[in-house]
1. Under 7 Å between Cβ atoms, at least 6 apart or on separate chains: pull out the pairs that start in the range 139-160 with a residue that is more than 27 Å from S232 (Cα to Cα) and end on any residue that is open to solvent by less than 40 Å² (accessible area, probe 1.4 Å) and of a type in the set (S, T, Y).
2. Looking at R231 and the list (1) without any contact (Cβ under 8 Å) to a residue 40 or more places away in the chain; (2) open to solvent by 30 Å² or more (accessible area, probe 1.4 Å); (3) under 21 Å from the mean Cα position of the chain (by Cα), which single condition is not satisfied?
3. What number of residues in the range 72-113 are open to solvent by 30 Å² or more (accessible area, probe 1.4 Å), in contact (Cβ under 8 Å) with a residue 12 or more places away in the chain, under 19 Å from W124 (Cα atoms) and part of a loop (DSSP other than H, G, I, E, B)?
4. Applying the selection to the range 162-202, what residues are part of a loop (DSSP other than H, G, I, E, B), open to solvent by 10 Å² or more (accessible area, probe 1.4 Å) and within 30 Å of G241 (Cα to Cα)?
5. Might you let me know whether the range 124-140 holds any residue that is outside any helix (DSSP H, G or I), touching a Lys or Arg at 6+ places or on another chain (Cβ under 6 Å), at pLDDT 95 or above and open to solvent by 40 Å² or more (accessible area, probe 1.4 Å)?
6. Applying the selection to the range 242-267, what residues are touching a strand residue (DSSP E or B) at 6+ places or on another chain (Cβ under 9 Å) and at pLDDT below 80?
Amino acid sequence: MTRLPLRPGHGTFPDDQIPNPSIPSRHWARVDGVVRRPHAESVEDSYRSNIVRLWPAGASVGAVDLVPGTASPSSSPSEVFGTGCREAFIIAGTHAAGRLTSREDDDATLLGLRCFLGFNEWRWSPTVTTSPDRSWVEPGALIRGVPEDEVADQAAYHGQAVILRWDADGLAPRATMQGVNVGDPTPTPVALVPALIGCPLRRGADGVCKAHGGGWTSGSREAYLAWRLHRSLLLDAFGCGVCQGEGPQGPDSSEHFTPSREGGWQWGPPRVVRGEE
């Protein structure tokens, strides 16, 4: 399987900009049943290639990324949070219960998770987990100082079937309920690298991103809609050190399911029954 580049300058994307997503039209969804584009990588494999952005609250460093690789030894939580932190756990706050969700749904479940952590005074830091090509994002939280079984119980309560465990051996998926397949549970070695905080559509590189599509044909209008939706999603997740989020604003996203590890953008809010889209 060909690996996509993890960092700007290490791949073949033009100008380091990520590929524009494709949203199957409602018409073709009725004709051929394609409602969302699958990813080239399986969900199980995504747990070994995902990148985690951390904002370590109170730490002496800025935003950092956990990048999978062959680092030996693997970076550990103690390098960020001190020698007393031997393990940490990452919980996503989106796509609860494996549902197709809108931006509004994801905002609500993420807020619920983080409010629980704050109210119960758990030690946590905000995170965003993403694929190398940023085709999907999972804002969530990194938790430390809490036993794994308690973290898993709360993750399950908040609709998350998998957590990521980070220790000196690397990053590994852990199921929070029976019957969940996480693939190879062997930890993947990770390296801590300073986060690139430029344009999120260019995976943090400097320079302004380029719009896809326009207003000329139906195809170009659909491409522009997809670009605006994805730009807005990534701006909320990572921010932008180039334009600070100025420029075209994202359209109303209540009519779209957000991309996840299972697949890309899709038409139709959760309340719509398939076949009536």
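1. Filtered contacts from the range 139-160: A152/T176; A156/T176.
2. Evaluating R231 over (1) without any contact (Cβ under 8 Å) to a residue 40 or more places away in the chain; (2) open to solvent by 30 Å² or more (accessible area, probe 1.4 Å); (3) under 21 Å from the mean Cα position of the chain (by Cα) leaves (2) as the failure.
3. 1
4. Restricting attention to the range 162-202, the residues satisfying the condition of being part of a loop (DSSP other than H, G, I, E, B) are 168-169, 176-187, 189, 195-198.
Still in the list and also open to solvent by 10 Å² or more (accessible area, probe 1.4 Å): 168-169, 176-187, 189, 195-197.
Result: P189, A195, L196, I197.
5. No; the residues of the range 124-140 include none that is outside any helix (DSSP H, G or I), touching a Lys or Arg at 6+ places or on another chain (Cβ under 6 Å), at pLDDT 95 or above and open to solvent by 40 Å² or more (accessible area, probe 1.4 Å).
6. Matches in the range 242-267: none.
Here is a yes/no grid of residues against (1) more than 16 Å from the chain's Cα centre (by Cα); (2) closer than 21 Å to E44 by Cα; (3) free of Cβ contacts under 8 Å to residues at least 40 places away in the same chain:
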| residue | (1), (2), (3) |
| --- | --- |
| C115 | yes, no, yes |
| G118 | yes, no, yes |
| W122 | yes, no, yes |
| T127 | no, yes, no |
| D133 | no, yes, no |
| L164 | no, yes, no |
| D169 | yes, yes, no |
| G179 | yes, yes, yes |
| V193 | yes, no, no |
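The values are calculated or read from the model by the stated rules, or taken from the named source; none is laboratory data. Treat the numbers as computed from the prediction; the structure is a model and nothing was measured. When we count neighbours, we look across all protein chains shown, and the Cβ atoms used for this are built from the backbone with ideal geometry, even at glycine. For the accessible areas, the whole protein counts, side chains as well, though only heavy atoms, and no ligand, DNA or RNA atoms are used. Shrake-Rupley method; radii C 1.70, N 1.55, O 1.52, S 1.80 Å.
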